[in-house]
There are 2 protein chains.
Amino acid sequence: MAGMERADAARNRARILEAAAQLFAERPAQDVTMDDIARKAGVGRGTLYRRYPDRASIAVALLDEHERALQERLLRGDPPLGPGAPPAERLAAFYAAMVRLLEDHSHLVLGSEVGRSRFETGAYGFWRAHVRALLVAARVPGPDALVEVLLAPLAPEVYGYQRAVLGLTPGQVTEALTRLTAALGPAPAAGASSAGMT
Amino acid sequence: MAGMERADAARNRARILEAAAQLFAERPAQDVTMDDIARKAGVGRGTLYRRYPDRASIAVALLDEHERALQERLLRGDPPLGPGAPPAERLAAFYAAMVRLLEDHSHLVLGSEVGRSRFETGAYGFWRAHVRALLVAARVPGPDALVEVLLAPLAPEVYGYQRAVLGLTPGQVTEALTRLTAALGPAPAAGASSAGMT
DNA sequence: GATTATGTGGACACGGTGTCCACTTTACTA
DNA sequence: TAGTAAAGTGGACACCGTGTCCACATAATC
């Protein structure tokens, strides 16, 4: 372990995170200044910058715990989210859960620079790996490029736009993704009637 | 017509656009300040702000002409992009063209706040309407939510990420989208063998 | 050539960011 | 328990970009 965190430091970290969560909840992340957070947390600017060099890193920290929880459920939770169910069902469950996550916390991401850095977060790679594994399990051919296409609507900016501007419901997004995935599948045996569009 | 534009004003507008195009090409839009643009264009700050209240509006102006050109081709160009070809082919052609457009000009959008405002641009609505119409023509059921999902990978941020970080080629993106769309289709008649994944 | 409206440009004030360093607190050691 | 080193803290500060404002210049109109 690389040195214990001092007690006061831990306390302040908690304060900062809590203050930031409140502020991000009540107005766009863009409009929350580092100063706001420091003041609300009862902490000096220097202290804030020591741990979190910018807004994005705070948002990521806040997001992290929620994402971890979902990852845990994907790996070891009950079906259909966890292992045990057929791939298509697990995918549908994943979409629903992911939409739920976005629904609850996308405000952390929208409007700050997190959108970009979030991709670098380990979490996004995790979702990708998960979906890819399910596609492979379902014998969908050429999963590599498909994964990205299937994940794109869950990019925070895109999702936020679909919800806020277009007025789509979370259910509609989930359903569209599920239907899309359901339409995929192993190349039909020669001669089998295909349902695809010509 | 709401008043002619003065000759000097027109000249300066052109200068500004040209300067901005050069600057955006050589470094991330984020890092180009309004001052940079004004200086390079040989124009005062006030003049710049008069027409373009922020970076985003400049980028949108630059993007506009390219987007209009593609719109024109979609409406009145030769098949498969224009009318005449079967919907699936037109969609594939559209994807390819759109990827090309992003390939050439996504740097205008990435990193500035355009990402957001771009959605409000008429252009995005146009793409949506186009794809939706093609889905309808192909008798794909429930096109409304699907359109968004199919367009999501073409959101500039997402596309840029797939290209830069993931290393996907333009061709891969196009192909994934095309395959996805091809898999869609009218609900198969009861009893017909489905190629979809279970 | 005079008048008016439109366009221009740079000075300015404001606000946020990130840095820096003297000070305080904690954890360790004798 | 006192002393010491390391870690943490907080606010003052300088920097930079933004957007506004207004005195001036230039083009269109009479």
Are any residues in segment A:78-95 surrounded by 19 or more Cβ atoms within 10 Å (Cβ to Cβ) and of a type in the set (G, A, S), and if so, which ones?
A:A88, A:A92, A:A93
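So which of B:V131, B:V158 is crowded, with 22+ Cβ neighbours inside 10 Å and modelled with pLDDT under 90? Spell out the reasoning first.
Details: B:V131 fails: modelled with pLDDT under 90.
From the options B:V131, B:V158, the qualifying one is B:V158.
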Name the pairs whose Cβ atoms lie under 6 Å apart, with the first residue in segment A:31-48 and within 14 Å of another protein chain (Cβ to nearest Cβ) and more than 20 Å from A:H107 (Cβ to Cβ), the second of a type in the set (D, E) and near DNA strand C (Cβ under 8 Å from one of its atoms), and 6 or more positions between them or separate chains?
none
Tell me yes or no: at least one residue of segment A:55-65 is within 11 Å of DNA strand D (Cβ to nearest atom) and open to solvent by 60 Å² or more (accessible area, probe 1.4 Å).
no
Can you spot a residue in segment B:63-80 that is within 29 Å of B:F126 (Cβ to Cβ) and within 12 Å of DNA strand C (Cβ to nearest atom)?
no
Pairs where the first residue, in segment A:62-80, is outside any helix (DSSP H, G or I) and the second is not basic (K, R), C-beta under 7 Å, 6+ apart:
A:P79/A:A85; A:P80/A:E89; A:P80/A:A93
Across segment A:168-198, what is the total count of residues that are at pLDDT 85 or above and more than 21 Å from B:Y159 (Cβ to Cβ)?
8
Pairs where the first residue, in segment A:122-147, is within 12 Å of chain B (Cβ to nearest Cβ) and the second is hydrophobic (A, V, I, L, M, F, W, C) and open to solvent by 60 Å² or more (accessible area, probe 1.4 Å), C-beta under 8 Å, 6+ apart:
A:P141/A:A187; A:P143/A:V136
Hey, A:A19 hits all of (1) in contact with a helix residue (DSSP H, G or I) (Cβ under 6 Å, 6 or more places away or on another chain); (2) on the phi > 0 side of the Ramachandran plot but one; which does it fall short on?
(2)
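The values are calculated or read from the model by the stated rules, or taken from the named source; none is laboratory data. Keep in mind that this is a model prediction, so the values were computed, not measured. Glycine gets a Cβ as well: all are built from the backbone with ideal geometry, and neighbour counts include every protein chain shown. To get the accessible areas, we keep the full protein, side chains included, count just its heavy atoms, and leave off ligands, DNA and RNA. Shrake-Rupley method; radii C 1.70, N 1.55, O 1.52, S 1.80 Å.
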